[in-house]
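Structure record follows, encoded as structure tokens.
The values are calculated or read from the model by the stated rules, or taken from the named source; none is laboratory data. All of these numbers come straight from a predicted model, not from anything done at the bench. So basically every Cβ, Gly included, is an ideal-geometry build from the backbone, and we count neighbours across all protein chains shown. The accessibility values were calculated without ligands, DNA or RNA, using every heavy atom of the protein model including side chains. Shrake-Rupley method; radii C 1.70, N 1.55, O 1.52, S 1.80 Å.
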Amino acid sequence: GGYTQGMSYLGATLMVVLPPATAFLCLTNLLALRFFPPFLQMNLEQIELRWRTFEILLGQECPYLACHLDQVGFTSDLFITDWWLTLFSKDFPIEIAARVWDCFLLEGEPYLFKAAIGVCKHVEPQLLGQPMEVCHGVIGKVGKAITPDAFFAAAASVGVSANFIREMLRPSTA
């Protein structure tokens, strides 16, 4: 595959801290991790599995929010794909994105689910009862509004285990 949405943010983040050749090598290694190929290959079955998994987990962690977002037609693919493909480096400050990268590299893909659900939990009071346009605005600005402490506390408050997320992402053999 060629260029995929989000790659420029990953590359730019790496270029901030590494010389160009090293940044390129790190980017290619990063994109080879198990998380990225479904998006790079536009494997809709795997991408949709991730969206469904996120929505199920959001429903477990924030049932009122999940119901509200569903009622107003605000689906998770409108925001989590951007967050995930850029490892939160597009919409969130470097202080948050750098730690997300660390957690992602240590814990794997489940951390991206926990972080995204945590952010949703954090802004739930601002979203409940609001129309889709307001929800979109709140989610679109959350990266500028949330502090690193609030971000990581919210991610840590997500009760679902990494193993449970991995199990949900395992392709069914049915």
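Does region 100-108 contain at least one residue that is loosely packed, with under 14 Cβ neighbours inside 10 Å and more than 15 Å from the chain's Cα centre (by Cα)? Checked region 100-108: at least one residue is loosely packed, with under 14 Cβ neighbours inside 10 Å and more than 15 Å from the chain's Cα centre (by Cα). For residue 25, are the conditions met, namely being touching a Ser or Thr at 6+ places or on another chain (Cβ under 9 Å), part of a helix (DSSP H, G or I), farther than 23 Å from residue 134 by Cα and not β-branched (Val, Ile, Thr)? Criteria not met by residue 25.
In the set (1) open to solvent by less than 20 Å² (accessible area, probe 1.4 Å); (2) part of a loop (DSSP other than H, G, I, E, B); (3) closer than 22 Å to residue 128 by Cβ, the condition left unmet by residue 35 is number (3). Number of residues in region 47-69 that are in a helix (DSSP H, G or I), touching a residue at least 12 places away in the same chain (Cβ under 8 Å) and either touching an Asp or Glu at 6+ places or on another chain (Cβ under 8 Å) or of a type outside the set (Lys, Arg) (or both): the value is 15. Output the residues belonging to region 55-81 that are out of contact with any Cys (no Cβ under 9 Å at 6 or more places or on another chain), surrounded by 15 or more Cβ atoms within 10 Å (Cβ to Cβ) and farther than 20 Å from residue 137 by Cβ. Selection gives 55, 57.
Restricting the first member to region 15-42 and to residues that are at positive phi, and the second to residues that are in a loop (DSSP other than H, G, I, E, B) and open to solvent by 70 Å² or more (accessible area, probe 1.4 Å), the beta-carbon pairs closer than 8 Å and six or more apart or on different chains are 42/1.
Annotation: residue 84 fulfils all but one of (1) at pLDDT 95 or above; (2) open to solvent by less than 10 Å² (accessible area, probe 1.4 Å); (3) at negative phi; the unmet one is (1). Any idea how many residues of region 124-145 are under 15 Å from the mean Cα position of the chain (by Cα) and surrounded by 18 or more Cβ atoms within 10 Å (Cβ to Cβ)? Selection size over region 124-145: 3.
Inside region 1-18, can you point out the residues that are open to solvent by less than 80 Å² (accessible area, probe 1.4 Å) and either in a loop (DSSP other than H, G, I, E, B) or not aliphatic (A, V, I, L, M) (or both)? 2, 4, 6, 8, 11, 13, 18 - these are the residues of region 1-18 that are open to solvent by less than 80 Å² (accessible area, probe 1.4 Å) and either in a loop (DSSP other than H, G, I, E, B) or not aliphatic (A, V, I, L, M) (or both).
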